[in-house]
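Presented below is the structure to which this report refers.
The values are calculated or read from the model by the stated rules, or taken from the named source; none is laboratory data. The model shown is predicted, which means the values in this text are computed figures rather than measured ones. Cβ placement follows ideal geometry from the backbone for every residue including glycine, while neighbour counts extend to all protein chains displayed.
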């Protein structure tokens, strides 16, 4: 298990879905290009998980991970750029 201090920091620019509700011209809406910076929690063949808020404590025997962490799951086919962030 990787400790929180060992996770790689990354910058990700990606295409995101747009939620609309009762819009008068949905054909004018387009996906947005967004960006995030955080810790790379997981990098699979189909998606990455990036956490931007997390505990600095080590995982305990009661469970792995931080139940209060926040982040994103981003599909790889939506990523325009991903690079290390110092």
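If we scan the range 27-45, do we find a residue that is in contact (Cβ under 8 Å) with a residue 24 or more places away in the chain, touching a helix residue (DSSP H, G or I) at 6+ places or on another chain (Cβ under 8 Å) and surrounded by 11 or more Cβ atoms within 10 Å (Cβ to Cβ)? Yes, the range 27-45 has at least one match.
When 55, 3 are checked against the criterion of being farther than 22 Å from residue 78 by Cβ, at pLDDT 80 or above and out of contact with any strand residue (DSSP E or B) (no Cβ under 6 Å at 6 or more places or on another chain), 55 stands alone in meeting it.
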